[in-house]
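Quick notes on the structure that follows.
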Amino acid sequence: MNHPNLKQKITTLVVALFTLSACITTDQSNYVEPMKVSETLTNEAIYGDWKYNAKRPGAVRWLDEGASYSALETAPGFEDIKLEKDRYGDDIKIYEEIVKYDPATLERTVLLPLVQLKPQGSDKALPIDDYQWSDDKSKILIFTNAEYVWRHKDRGDYWVRDFNTDELWQLGGKQTEPAQMMFGKFSPDGLKFAYVMHNNIYVQDLKTRKITALTSDGSDNVINGLFDWAYEEEFSIRDGF
C-alpha cells in the first residue's frame with residue numbers, strides 16, 4: 001500500500017536536515033570561542049578557602065501582617081570587608097544591621113543600626129545569626145555567638161533589645177555559660193523568655209530577670225526541650241518545646 005504523503009514528508013525532512021547541516025558548517029559568524037579557564041579546581045579551593053560557597057541572605061521576617069518586612073543587611077561602608085568564615089565556610093557577618101522594607105515601594109528604613117547593637121562597654125556590634133520579634137514588636141530577640149550542633153547553629157547566646165526602654169541586655173544571667181543556650185523564644189505576651197541549656201528548660205522573666213528551671217533531670221541520657229540527632233537527621237526536627 002502506497003503512502004504518498006509519508007514519502008513526501010520523509011523527503012522534506014531529509015532536505016531540511018541537509019540544509020541545516022550546511023548552515024551550521026559554513027556560517028561561523030555567531031561562533032563563540034570557548035572560555036579558557038585558567039584556575040584549577042582543587043580541594044583546597046573548595047574546602048579550605050570555601051571559594052565556591054553560595055552567599056546566604058540574612059533572616060527575613062514579615063511585619064505588620066505583611067505590609068512590611070525586616071531583613072539583615074550589611075551596614076554602609078562595610079560591604080567590601082573580608083569576613084572570617086565558620087567551619088562550613090559561611091561568612092561570620094559582624095557588620096549587619098536590621099532594616100525594614102515596604103514591599104510595594106521598596107522604601108527602606110533602618111530599625112537597628114550598628115551603633116544600637118553594641119553592648120555597653122563594647123566597641124563592636126553583636127553579629128546577628130538570627131532574630132525574632134515579640135508579637136507586639138516592642139522587643140527583638142537577637143541570637144549571636146552561635147555554634148554548630150550537628151548541622152545547624154543551634155547553640156549560642158541571646159540578647160534582647162527593648163524599644164520602649166532602648167535597653168540592650170544579655171539573657172540567661174551570670175550562671176549561664178557562653179554559647180550554651182538553645183531554641184530561645186518569647187512567650188506569646190512578650191513578658192518572658194524560654195530556652196534550653198544542658199538538656200533542661202528554663203524561663204526568664206524579662207522584667208525581674210529571675211530565672212526558673214522548668215526541668216531539672218537533664219543529663220546525657222535524658223533530654224528536655226530538644227530532639228536527638230536521629231530526629232534532626234531523618235525528620236528535620238530539632239526544637240522540642
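The strands (runs of 3 or more DSSP E) located wholly in region 157-220 that include 1 or more residues which are among the basic types (K, R), in the same structural domain as G240 (by TED's automatic domain parsing) and closer than 28 Å to V115 by Cα occupy 181-186, 192-197.
Can you find a residue in region 92-113 that is of a type outside the set (K, R), out of contact with any Pro (no Cβ under 7 Å at 6 or more places or on another chain) and at pLDDT below 80? No, there is no match, as no residue in region 92-113 is of a type outside the set (K, R), out of contact with any Pro (no Cβ under 7 Å at 6 or more places or on another chain) and at pLDDT below 80.
Taking the criterion of being touching a residue at least 12 places away in the same chain (Cβ under 8 Å), part of a strand (DSSP E or B) and hydrophobic (A, V, I, L, M, F, W, C), the residues of region 61-91 that qualify are L63, A71, L72.
When residues in region 64-91 are screened for being at pLDDT 75 or above and in contact with a Leu (Cβ under 9 Å, 6 or more places away or on another chain), 4 of them pass.
Being in a strand (DSSP E or B), under 30 Å from F193 (Cβ atoms) and free of Cβ contacts under 8 Å to residues at least 12 places away in the same chain is the requirement here; does T144 meet it? Before the answer, list the steps.
Details: in a strand (DSSP E or B): yes; under 30 Å from F193 (Cβ atoms): yes; free of Cβ contacts under 8 Å to residues at least 12 places away in the same chain: no.
For T144, the condition - in a strand (DSSP E or B), under 30 Å from F193 (Cβ atoms) and free of Cβ contacts under 8 Å to residues at least 12 places away in the same chain - is not met.
Taking the criterion of being within 28 Å of W150 (Cα to Cα), of a type in the set (D, E) and exposed (fewer than 12 other Cβ atoms within 10 Å of the Cβ), the residues of region 38-88 that qualify are E44, E84. The single condition among (1) in contact (Cβ under 8 Å) with a residue 24 or more places away in the chain; (2) hydroxyl-bearing (S, T, Y); (3) farther than 29 Å from K82 by Cβ that Y101 does not satisfy is (3).
Among the residues of region 191-226, those identified as buried (at least 18 other Cβ atoms within 10 Å of the Cβ) and under 25 Å from the mean Cα position of the chain (by Cα) are F193, Y195, V196, M197, I201, G225, L226.
The values are calculated or read from the model by the stated rules, or taken from the named source; none is laboratory data. These figures come from a predicted structure and were not determined experimentally. Reconstructed Cβ throughout: ideal geometry from the backbone, glycine too, with neighbour counts over all protein chains shown.
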